[in-house]
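Comments concern the structure below.
The values are calculated or read from the model by the stated rules, or taken from the named source; none is laboratory data. Predicted model only: the values in this text are computed from it and were never measured. As a convention, Cβ positions derive from the backbone with ideal geometry for all residues, glycine included, and neighbour counts pool all protein chains shown.
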Amino acid sequence: MNGPIAHLSRRYRFSASHRLHVDAISPERNREMFGKCNNPFGHGHNYIAQVTFSGPVDVATGMVTNLADLDSFAQRELLDHFDHANLNSLEFFRDRVPSTENVCVELWRIFAEYPYAKLERVRVEETGNNSFDYFGEGAKIQHEE
Amino acid sequence: MILLTRKADFSAAHFYWNDSWTEAENFRVFGKCANRQGHGHNYTLEVTVEGEVDPVSGFVVDLKQLKDILEQEVVSVYDHRHLNHEVPEFKTAVPTTENIAIAIWHRLDGKVPNAKLHRVRVYEMPELFADFYGEGA
(Lines give C-alpha, C1' and ligand atoms only; values in the text may rest on other atoms or scores of the structure.)
Protein backbone atom coordinates (compact mmCIF):
# COMPACT_ATOMS: atom_id res chain seq x y z
CA MET A 1 0.00 0.00 0.00
CA ASN A 2 1.29 3.43 -0.90
CA GLY A 3 1.26 6.63 1.12
CA PRO A 4 1.98 10.20 -0.02
CA ILE A 5 4.84 11.17 -2.30
CA ALA A 6 8.10 12.20 -0.63
CA HIS A 7 11.55 13.02 -1.95
CA LEU A 8 14.65 11.25 -0.73
CA SER A 9 18.17 12.55 -1.28
CA ARG A 10 21.43 10.71 -0.78
CA ARG A 11 24.99 11.97 -1.11
CA TYR A 12 27.88 9.89 -2.40
CA ARG A 13 31.54 10.88 -2.46
CA PHE A 14 34.11 9.97 -5.05
CA SER A 15 37.60 11.21 -5.78
CA ALA A 16 38.67 11.38 -9.37
CA SER A 17 41.07 13.09 -11.72
CA HIS A 18 40.29 14.78 -14.99
CA ARG A 19 41.64 17.09 -17.63
CA LEU A 20 39.53 19.56 -19.55
CA HIS A 21 40.73 19.28 -23.13
CA VAL A 22 39.21 19.11 -26.61
CA ASP A 23 41.30 17.29 -29.22
CA ALA A 24 39.65 19.07 -32.12
CA ILE A 25 40.92 22.51 -31.18
CA SER A 26 44.46 23.90 -30.92
CA PRO A 27 46.60 23.55 -27.76
CA GLU A 28 46.63 27.35 -27.46
CA ARG A 29 42.85 27.57 -27.65
CA ASN A 30 42.54 24.75 -25.10
CA ARG A 31 44.81 26.58 -22.69
CA GLU A 32 42.91 29.79 -23.24
CA MET A 33 39.52 28.15 -22.69
CA PHE A 34 40.31 25.80 -19.81
CA GLY A 35 43.24 27.55 -18.09
CA LYS A 36 44.92 25.43 -15.44
CA CYS A 37 42.25 22.74 -15.90
CA ASN A 38 44.03 21.97 -19.19
CA ASN A 39 47.23 20.85 -17.43
CA PRO A 40 48.34 17.83 -19.52
CA PHE A 41 48.76 15.57 -16.50
CA GLY A 42 45.31 16.28 -15.14
CA HIS A 43 44.26 17.17 -11.62
CA GLY A 44 41.63 15.87 -9.21
CA HIS A 45 38.71 16.66 -6.96
CA ASN A 46 36.72 15.16 -4.13
CA TYR A 47 33.32 15.11 -5.78
CA ILE A 48 29.98 14.81 -4.06
CA ALA A 49 27.05 13.42 -6.02
CA GLN A 50 23.67 14.20 -4.51
CA VAL A 51 20.81 12.28 -6.07
CA THR A 52 17.15 12.99 -5.35
CA PHE A 53 14.37 10.47 -5.94
CA SER A 54 10.63 10.75 -5.52
CA GLY A 55 8.00 8.13 -4.96
CA PRO A 56 5.12 7.09 -2.76
CA VAL A 57 6.13 6.19 0.78
CA ASP A 58 5.43 2.48 1.15
CA VAL A 59 3.18 2.08 4.18
CA ALA A 60 4.78 -1.22 5.20
CA THR A 61 8.36 0.09 5.20
CA GLY A 62 7.93 3.85 5.58
CA MET A 63 10.31 4.26 2.64
CA VAL A 64 10.42 5.79 -0.82
CA THR A 65 13.08 3.23 -1.57
CA ASN A 66 15.23 0.95 0.52
CA LEU A 67 18.57 2.68 1.07
CA ALA A 68 20.42 -0.62 0.98
CA ASP A 69 19.14 -1.07 -2.60
CA LEU A 70 20.09 2.48 -3.56
CA ASP A 71 23.53 2.24 -1.94
CA SER A 72 24.36 -1.04 -3.64
CA PHE A 73 23.16 0.37 -6.97
CA ALA A 74 25.31 3.48 -6.46
CA GLN A 75 28.30 1.38 -5.51
CA ARG A 76 27.96 -0.87 -8.54
CA GLU A 77 26.93 1.69 -11.16
CA LEU A 78 28.70 4.84 -9.98
CA LEU A 79 31.43 4.42 -7.37
CA ASP A 80 33.01 1.27 -8.82
CA HIS A 81 33.62 3.24 -12.03
CA PHE A 82 34.16 6.81 -10.85
CA ASP A 83 35.96 6.57 -7.52
CA HIS A 84 39.75 6.80 -7.80
CA ALA A 85 39.45 6.87 -11.57
CA ASN A 86 40.52 9.23 -14.30
CA LEU A 87 37.26 10.56 -15.71
CA ASN A 88 38.75 11.08 -19.18
CA SER A 89 39.30 7.33 -19.42
CA LEU A 90 35.60 6.50 -18.92
CA GLU A 91 33.58 5.59 -21.99
CA PHE A 92 31.18 8.55 -21.72
CA PHE A 93 34.03 11.06 -21.68
CA ARG A 94 35.92 9.65 -24.66
CA ASP A 95 34.33 12.34 -26.80
CA ARG A 96 33.13 14.78 -24.14
CA VAL A 97 34.94 17.13 -21.81
CA PRO A 98 34.65 15.79 -18.23
CA SER A 99 33.30 19.08 -16.94
CA THR A 100 31.07 18.85 -13.90
CA GLU A 101 28.10 19.72 -16.15
CA ASN A 102 28.83 16.63 -18.22
CA VAL A 103 29.39 14.57 -15.07
CA CYS A 104 25.84 15.58 -14.05
CA VAL A 105 24.45 14.43 -17.38
CA GLU A 106 26.24 11.07 -17.13
CA LEU A 107 25.11 10.58 -13.53
CA TRP A 108 21.54 11.31 -14.63
CA ARG A 109 21.84 8.57 -17.25
CA ILE A 110 23.14 6.17 -14.61
CA PHE A 111 20.65 6.91 -11.83
CA ALA A 112 17.66 7.17 -14.19
CA GLU A 113 18.07 3.39 -14.52
CA TYR A 114 17.44 2.86 -10.80
CA PRO A 115 14.29 0.77 -10.83
CA TYR A 116 12.61 1.57 -7.52
CA ALA A 117 12.04 5.36 -7.53
CA LYS A 118 11.85 8.28 -9.92
CA LEU A 119 14.99 10.35 -10.36
CA GLU A 120 14.24 14.05 -9.83
CA ARG A 121 17.61 15.75 -9.62
CA VAL A 122 21.33 15.16 -9.81
CA ARG A 123 23.60 17.63 -8.06
CA VAL A 124 27.36 17.33 -8.37
CA GLU A 125 29.66 19.36 -6.16
CA GLU A 126 33.12 19.56 -7.68
CA THR A 127 34.54 21.56 -4.78
CA GLY A 128 32.93 23.22 -1.79
CA ASN A 129 32.49 26.33 -3.93
CA ASN A 130 30.82 25.03 -7.05
CA SER A 131 27.95 22.72 -7.67
CA PHE A 132 25.84 21.81 -10.68
CA ASP A 133 22.25 20.61 -10.89
CA TYR A 134 20.61 18.61 -13.65
CA PHE A 135 16.89 17.77 -13.75
CA GLY A 136 16.94 15.68 -16.92
CA GLU A 137 16.72 16.63 -20.55
CA GLY A 138 14.15 19.31 -21.33
CA ALA A 139 13.33 19.83 -17.66
CA LYS A 140 12.34 23.24 -16.47
CA ILE A 141 14.84 24.59 -13.98
CA GLN A 142 13.38 24.56 -10.52
CA HIS A 143 14.19 27.88 -8.95
CA GLU A 144 14.79 26.67 -5.50
CA GLU A 145 17.79 26.60 -3.20
CA MET B 1 6.26 35.76 -2.61
CA ILE B 2 9.24 34.77 -0.50
CA LEU B 3 10.36 31.41 0.81
CA LEU B 4 11.78 31.45 4.30
CA THR B 5 13.61 28.54 5.92
CA ARG B 6 14.26 27.95 9.58
CA LYS B 7 16.37 25.11 10.98
CA ALA B 8 16.05 23.21 14.21
CA ASP B 9 17.95 20.23 15.59
CA PHE B 10 16.83 17.27 17.58
CA SER B 11 18.50 14.05 18.65
CA ALA B 12 16.43 10.92 18.93
CA ALA B 13 16.49 7.14 18.97
CA HIS B 14 14.53 4.84 16.69
CA PHE B 15 14.41 1.44 15.05
CA TYR B 16 12.58 0.10 12.01
CA TRP B 17 10.04 -2.64 12.53
CA ASN B 18 6.83 -3.81 10.92
CA ASP B 19 4.70 -5.78 13.41
CA SER B 20 2.94 -7.71 10.68
CA TRP B 21 6.22 -9.29 9.55
CA THR B 22 8.35 -12.02 11.08
CA GLU B 23 11.64 -11.15 12.76
CA ALA B 24 13.52 -12.63 9.80
CA GLU B 25 11.54 -10.52 7.35
CA ASN B 26 12.16 -7.36 9.38
CA PHE B 27 15.91 -7.98 9.42
CA ARG B 28 15.91 -8.85 5.72
CA VAL B 29 14.25 -5.55 4.77
CA PHE B 30 15.57 -3.19 7.43
CA GLY B 31 19.00 -4.70 8.16
CA LYS B 32 20.70 -3.36 11.26
CA CYS B 33 18.02 -0.65 11.55
CA ALA B 34 15.74 -3.42 12.90
CA ASN B 35 17.79 -3.82 16.09
CA ARG B 36 15.05 -3.58 18.75
CA GLN B 37 17.28 -1.73 21.21
CA GLY B 38 17.22 1.19 18.79
CA HIS B 39 19.98 3.51 17.65
CA GLY B 40 20.09 7.27 17.26
CA HIS B 41 20.80 10.25 15.07
CA ASN B 42 21.31 13.97 15.28
CA TYR B 43 18.51 15.14 13.03
CA THR B 44 18.31 18.53 11.40
CA LEU B 45 14.92 19.89 10.47
CA GLU B 46 14.54 22.59 7.83
CA VAL B 47 11.10 24.10 7.56
CA THR B 48 10.35 26.33 4.58
CA VAL B 49 7.30 28.56 4.56
CA GLU B 50 6.04 30.81 1.81
CA GLY B 51 4.26 34.10 2.10
CA GLU B 52 4.17 37.74 1.18
CA VAL B 53 6.46 40.26 2.83
CA ASP B 54 4.58 42.39 5.33
CA PRO B 55 5.11 46.01 4.21
CA VAL B 56 5.43 47.26 7.77
CA SER B 57 7.68 44.64 9.38
CA GLY B 58 9.48 43.52 6.22
CA PHE B 59 8.95 39.94 7.43
CA VAL B 60 7.17 36.97 5.92
CA VAL B 61 6.81 35.60 9.44
CA ASP B 62 8.24 36.60 12.76
CA LEU B 63 11.28 34.31 13.08
CA LYS B 64 11.03 34.17 16.84
CA GLN B 65 7.43 33.03 16.51
CA LEU B 66 8.42 30.39 13.94
CA LYS B 67 11.24 29.22 16.19
CA ASP B 68 8.81 28.88 19.09
CA ILE B 69 6.33 26.93 16.94
CA LEU B 70 9.08 24.50 15.86
CA GLU B 71 10.16 24.13 19.47
CA GLN B 72 6.64 23.53 20.75
CA GLU B 73 5.28 21.33 17.97
CA VAL B 74 8.39 19.29 17.10
CA VAL B 75 11.55 19.70 19.14
CA SER B 76 9.92 19.41 22.56
CA VAL B 77 8.19 16.23 21.41
CA TYR B 78 11.07 14.58 19.49
CA ASP B 79 14.30 15.74 21.13
CA HIS B 80 16.03 13.18 23.33
CA ARG B 81 13.14 10.77 22.86
CA HIS B 82 12.77 7.29 21.48
CA LEU B 83 10.55 7.91 18.46
CA ASN B 84 9.01 4.40 18.40
CA HIS B 85 8.13 4.37 22.10
CA GLU B 86 7.42 8.00 22.93
CA VAL B 87 6.03 9.77 19.87
CA PRO B 88 2.41 8.83 19.06
CA GLU B 89 2.62 8.93 15.24
CA PHE B 90 5.31 6.24 15.26
CA LYS B 91 3.24 3.73 17.23
CA THR B 92 2.04 2.66 13.80
CA ALA B 93 4.24 4.33 11.16
CA VAL B 94 7.87 3.24 10.79
CA PRO B 95 10.03 6.22 11.87
CA THR B 96 11.98 6.50 8.62
CA THR B 97 13.28 9.87 7.49
CA GLU B 98 10.42 10.00 4.97
CA ASN B 99 7.77 9.37 7.63
CA ILE B 100 9.38 11.84 10.04
CA ALA B 101 9.17 14.53 7.32
CA ILE B 102 5.49 13.68 6.72
CA ALA B 103 4.70 13.65 10.45
CA ILE B 104 6.39 17.01 10.99
CA TRP B 105 4.43 18.44 8.05
CA HIS B 106 1.19 17.39 9.76
CA ARG B 107 2.35 18.82 13.08
CA LEU B 108 3.11 22.20 11.49
CA ASP B 109 0.51 22.53 8.74
CA GLY B 110 -1.77 25.45 9.51
CA LYS B 111 0.18 26.45 12.62
CA VAL B 112 2.30 29.21 11.12
CA PRO B 113 0.36 32.50 10.98
CA ASN B 114 0.39 34.42 7.67
CA ALA B 115 2.43 31.81 5.83
CA LYS B 116 1.89 28.55 4.04
CA LEU B 117 4.03 25.52 4.67
CA HIS B 118 6.11 24.90 1.54
CA ARG B 119 8.54 22.14 2.42
CA VAL B 120 9.69 20.05 5.35
CA ARG B 121 13.21 18.68 4.99
CA VAL B 122 14.62 16.26 7.53
CA TYR B 123 18.29 15.31 7.57
CA GLU B 124 18.98 12.05 9.35
CA MET B 125 22.64 12.72 8.67
CA PRO B 126 24.39 15.05 6.23
CA GLU B 127 24.37 12.34 3.56
CA LEU B 128 20.68 11.49 3.78
CA PHE B 129 17.58 13.64 3.83
CA ALA B 130 13.91 13.50 2.92
CA ASP B 131 11.65 16.28 1.61
CA PHE B 132 7.88 16.50 1.89
CA TYR B 133 5.81 19.09 0.05
CA GLY B 134 2.38 18.05 1.33
CA GLU B 135 -0.20 15.52 0.24
CA GLY B 136 -1.23 17.33 -2.91
CA ALA B 137 2.28 18.07 -4.18
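For this structure, a couple of remarks:
- Residue match in region B:91-109 (condition: away from every other protein chain (no Cβ under 14 Å) and either polar (S, T, N, Q) or under 9 Å from the mean Cα position of the chain (by Cα) (or both)): yes
- For region A:96-139, a residue qualifies if it is surrounded by 14 or more Cβ atoms within 10 Å (Cβ to Cβ), of a type in the set (S, T, N, Q), in contact with a strand residue (DSSP E or B) (Cβ under 8 Å, 6 or more places away or on another chain) and farther than 12 Å from residue A:50 by Cβ, and exactly one does: A:100.
- Condition met for residue A:44 (in a strand (DSSP E or B) and more than 14 Å from chain B (Cβ to nearest Cβ)): yes
- Count of region B:86-137 residues which are touching a residue at least 24 places away in the same chain (Cβ under 8 Å) and either of a type outside the set (A, V, I, L, M) or surrounded by fewer than 16 Cβ atoms within 10 Å (Cβ to Cβ) (or both): 22
- Meets criteria (aliphatic (A, V, I, L, M), in contact with a Phe, Trp or Tyr (Cβ under 9 Å, 6 or more places away or on another chain), away from chain B (no Cβ under 11 Å) and not in a strand (DSSP E or B)) for residue A:97: yes
- Qualifying residues in region A:11-41 (those that are buried (at least 18 other Cβ atoms within 10 Å of the Cβ) and assigned to a strand (DSSP E or B)) - the one nearest to the other protein chains (Cβ to nearest Cβ): A:12
- Only listed residue being surrounded by fewer than 16 Cβ atoms within 10 Å (Cβ to Cβ) and at pLDDT below 95, chosen from B:53, B:60: B:53
- Within region A:59-77, restricting attention to residues that are in a loop (DSSP other than H, G, I, E, B) and facing another protein chain (nearest Cβ under 9 Å), the residue that is nearest to residue B:20 (Cα to Cα) is A:60.
- Within the span defined as region B:71-86, one or more residues are part of a strand (DSSP E or B), more than 14 Å from chain A (Cβ to nearest Cβ) and at pLDDT 95 or above.
- Hey, residue A:56 more than 14 Å from chain B (Cβ to nearest Cβ) and either without any contact (Cβ under 8 Å) to a residue 24 or more places away in the chain or farther than 15 Å from residue A:132 by Cβ (or both) or not: no
- Leading residue by the ranking (nearest to residue B:77 (Cα to Cα)) among those in region B:1-47 that are within 12 Å of chain A (Cβ to nearest Cβ) and of a type in the set (Asp, Glu): B:46
- In region B:87-119, the residues that are in a helix (DSSP H, G or I) and either farther than 20 Å from residue B:135 by Cβ or out of contact with any helix residue (DSSP H, G or I) (no Cβ under 7 Å at 6 or more places or on another chain) (or both): B:88, B:97, B:98, B:99, B:100, B:101, B:102, B:105, B:106
- Any chance residue B:71 is of a type outside the set (S, T, N, Q) and more than 13 Å from the chain's Cα centre (by Cα): no
- Inter-residue pairs, beta-carbon under 7 Å, first surrounded by fewer than 16 Cβ atoms within 10 Å (Cβ to Cβ) and in region B:1-30, second at pLDDT below 95 and among the β-branched types (Val, Ile, Thr), 6+ apart: B:2/B:53; B:2/B:60
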